[in-house]
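Following: one structure in structure tokens, then a few remarks.
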Amino acid sequence: MTGTAPRLFTREEAERTLPLVRRIVADLMAEHPAWRRAISHYEILAAGAVADEGETPEVRAARADAERLATQIDGYLKEIEQIGCMFQGFEEGLVDFR
């Protein structure tokens, strides 16, 4: 996050913005579990790798997948921030309109 101050929304502005925010949060909430699975998969593969041999193609692919998902998640978070909202966490997918 860039630390942009959240904007103050009127009720009408928040209601107009809500459909877009809902779509972004839905994408974010769908990608987050996939990212967690990708990280776990990468960690399992990397733990079994031999240090002297470097990353195998399978480990590199798993790392690239986790990085791709992390980049997508970061993009969603930046979109929410650019709108002027604050994402409050992955457990419930809450967003603050200030």
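The values are calculated or read from the model by the stated rules, or taken from the named source; none is laboratory data. On a predicted model such as this, the values are computed, not experimentally measured, just so you know. Counting neighbours? That spans all protein chains shown, and the Cβs are built from the backbone with ideal geometry, glycine included.
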How do the pairs read when you match residues in the range 60-75 that are more than 14 Å from Arg36 (Cβ to Cβ) with residues anywhere that are surrounded by 17 or more Cβ atoms within 10 Å (Cβ to Cβ), using Cβ under 7 Å and keeping only pairs 6 or more apart or on different chains?
Arg63/Tyr42
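Looking at the range 79-98, which of its residues are surrounded by 14 or more Cβ atoms within 10 Å (Cβ to Cβ) and part of a helix (DSSP H, G or I)? Full working, then the answer.
The first filter runs over the range 79-98 and keeps only residues surrounded by 14 or more Cβ atoms within 10 Å (Cβ to Cβ), leaving 79-81, 83-87, 90, 93, 95, 97.
Glu79, Ile80, Glu81, Ile83, listed by residue number.
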Within the range 78-93, is even one residue modelled with pLDDT under 95, of a type outside the set (Gly, Ala, Ser) and under 10 Å from the mean Cα position of the chain (by Cα)?
yes
Using the structure shown, decide if Val21 is surrounded by 17 or more Cβ atoms within 10 Å (Cβ to Cβ) and in contact (Cβ under 8 Å) with a residue 60 or more places away in the chain.
yes
When you go through Ala66, Ala14, Ala46 one by one, which is the residue that is part of a helix (DSSP H, G or I) and modelled with pLDDT of 95 or more?
Ala66
So Leu18, is it closer than 22 Å to Arg7 by Cβ and out of contact with any Gly (no Cβ under 9 Å at 6 or more places or on another chain)
yes
Check the range 39-49 and report whether any residue there is within 26 Å of Glu92 (Cβ to Cβ), touching an Asp or Glu at 6+ places or on another chain (Cβ under 9 Å) and among the hydrophobic types (A, V, I, L, M, F, W, C).
no
